[in-house]
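The values are calculated or read from the model by the stated rules, or taken from the named source; none is laboratory data. Note that the structure is a prediction, hence the values are computed from the model and not measured. Here Cβ is always computed from backbone atoms with ideal geometry, including for glycine, and neighbour counts include all displayed protein chains.
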Amino acid sequence: MYRKRVFWIVAIALVLAAGGGYAAYAYWLAPEEIVEEGSTLQTAAVTVGDLSITADGTGMLVASSEVDLAFGASGTLMELLVEVGDEVQAGDVLAWINDTDARKAVVDAELAVLQAEEALENAGDLANLEQAVAQAELGVTQAQADLEAAALDLDELLNWTPDEAEIEIAEVDLTIAQASYQNAIARANMYEAQITSARVSLAQAITALEEAQAYYRDVMDGARDWDRNIEDIRAAAAKSLQKAEDSLEIAQANYSLATVDTRVADVQNAWVKVLNAQEALEDLRTSPEEADIVAARIVVQQREVALQQAVLDLEDAQEAVAGADTAEAELTLQQTRLRLESAQQALDDTTLVAPISGTVVAVNAEPGEKVNGTVVALADMVTPIVQFWVEESDLNSVAVGHRVNLVFEALPDLTYSGEIVRVDPVLVDVSGTPAVQVWASIDTAAHPVKLLGDMNVEVEIVAGEAQNALLVPVGALRELGDDQYAVFVVQDSGELEMRMVEVGLMDYVNAEVLSGLQRGEVVSTGETTSSSSNQTVTGTTQTQFTPPMGFFGG
């Protein structure tokens, strides 16, 4: 029972599906002429022709760029170098105001930058700064030692009392010095005796030498008369002479040594030691004078000032090291450079420079006036553009890159070409009518005519073109789905063949067939009529947006 039930359900479903498909075919695809017997089949041949989709709009010629130029600062206009109608190039100076204060600010800012650069350079020399700290610390230590020594000297003067032990030692030192002095005098006297003895010995040696020299001469003179022992006598005389010379040499040496004047230096040194010992003993026995105490106090004060200065130098050196922050110095330098840039910009703002090449269309000031606002207006009419509007219903015909044909009301015999460069994303109100605002370029080189701003222009938008295309009437198409179409081709036997086609451009009359048909084939338009209407067509559809009365001053 279960299998039979399933079988009948499937059978019923197939019958319903087949019936539904036939109904859909009869409703959507079947040509109307075969619905009623005796009706006449309306047909059209596949032809070749041109098809264009266009829309119309109205607008005006405007500058591609317009700028209102004003000084970046207020001031008195010193000079105006242009007038309305002048052509200027980008970078040309147009006017300038008093710039005395601005120039001074730039100089001050440049000086601040130089100081900041020097501070950064010093901050980077950390090794030298640390060495300066070490030297300052040594200076403080030395100043403290000097102050302590001076204070100790002053304390000794203020608290002076005779020191008997030191006096005894000084007396002993004086006694020793005096004894040394007496010894030096005794040695000096002994040296005098030695000198006398040496002088006598020297005189004796000289006499002996003279006698030996005379004896030797006598021997040599009488040598011819002696026959015997002459050699022995000569040798004895020579030996006696040599001995006398040696004795003289020794006597001279002893005399020179005895006459060395060391005794005077020894006596003087011994006497100096006696004087020093006497002075030391006197100092120990004598109390300090008030002048000495005053002098000692002055020295202490000087040492205190020196210590304070050394401490200040150390603090300065330590602060220099602590302040040797390269990052902070770099930040300061950046800030001063920014202030310089700001000052330079303020100076630049005192000069009005053309940012673009164009035509002067307005001048709003005279030299000597206080200016604050637009002074000069520029417009670039070398490469103007067209601003125009089309109806909201023609939005599909408007897209960037679409070609346009332009005819000015003042030049009806001239047609300029261009293309859409921008479509505003929001509708605008044109005299109470919603419209699409569009911008298009224009080829001004096509005609050597001077065009003026705000000239009225009629615009034709070419949304699509197809030349030498296969065309069929729109009524011959059967839409199967999104961008899917079919036609019924009439066969030689009179039967209809459904064929899928690819469709391109389409207006209200004709459609471009990209594939699926050939020229000369006949298709059914699906209409019932009493007469034949085989024909060849070329279609063009246009819509035009005309602004309401009063637009453009009308």
Matching option when the condition is within 22 Å of residue 286 (Cβ to Cβ), at pLDDT 80 or above and either over 54 Å from the mean Cα position of the chain (by Cα) or part of a helix (DSSP H, G or I) (or both), among 137, 148, 168: 168
Under 9 Å by Cβ, and 6 or more places apart or on different chains, what pairs join a residue from the range 504-523 that is among the hydroxyl-bearing types (Ser, Thr, Tyr) with one that is part of a loop (DSSP other than H, G, I, E, B) and surrounded by 20 or more Cβ atoms within 10 Å (Cβ to Cβ)? 508/539
Quickly run through the range 66-96 and pick out the residues that are within 13 Å of residue 355 (Cβ to Cβ) and assigned to a loop (DSSP other than H, G, I, E, B). 72, 89, 90, 91, 92
Among 453, 464, the single one that is at pLDDT below 90 and closer than 27 Å to residue 510 by Cα is 464
Do you know which residues across the range 321-373 are under 16 Å from residue 92 (Cα atoms), of a type in the set (S, T, N, Q) and either at pLDDT below 85 or outside any loop (DSSP other than H, G, I, E, B) (or both)? 351, 359
If you scan the range 395-424, which residues turn out to be aliphatic (A, V, I, L, M), under 17 Å from residue 464 (Cβ atoms) and either surrounded by fewer than 12 Cβ atoms within 10 Å (Cβ to Cβ) or over 46 Å from the mean Cα position of the chain (by Cα) (or both)? 395, 398, 404
Could you run through the range 496-554 and say how many residues are among the aromatic types (Phe, Trp, Tyr) and modelled with pLDDT of 50 or more? 1
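Okay, residues lined up against (1) exposed (fewer than 13 other Cβ atoms within 10 Å of the Cβ); (2) in contact with a His (Cβ under 7 Å, 6 or more places away or on another chain); (3) of a type in the set (Val, Ile, Thr); (4) closer than 30 Å to residue 521 by Cβ:
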position: 426; (1), (2), (3), (4): yes, no, yes, no
position: 432; (1), (2), (3), (4): yes, no, no, no
position: 440; (1), (2), (3), (4): no, no, no, no
position: 465; (1), (2), (3), (4): no, no, no, yes
position: 483; (1), (2), (3), (4): yes, no, no, yes
position: 490; (1), (2), (3), (4): no, no, yes, yes
position: 504; (1), (2), (3), (4): no, no, no, yes
Matching residues in the range 420-457 - criterion: being within 15 Å of residue 62 (Cα to Cα), touching a strand residue (DSSP E or B) at 6+ places or on another chain (Cβ under 8 Å) and without any contact (Cβ under 8 Å) to a residue 24 or more places away in the chain: 422
Which of the residues belonging to the range 30-65 are among the charged types (D, E, K, R), surrounded by fewer than 16 Cβ atoms within 10 Å (Cβ to Cβ) and either part of a loop (DSSP other than H, G, I, E, B) or at pLDDT 85 or above (or both)? 36, 37, 50
Inspect the range 374-381 for any residue being outside any loop (DSSP other than H, G, I, E, B), touching a residue at least 12 places away in the same chain (Cβ under 8 Å) and either surrounded by fewer than 15 Cβ atoms within 10 Å (Cβ to Cβ) or of a type in the set (Phe, Trp, Tyr) (or both) and give the result as yes or no. no
Looking only at the range 175-201, filter to residues that are β-branched (Val, Ile, Thr) and at pLDDT below 80; which one of those is nearest to residue 282 (Cα to Cα)? 195
So which of 393, 342 is in the same structural domain as residue 421 (by TED's automatic domain parsing) and hydroxyl-bearing (Ser, Thr, Tyr)? 393
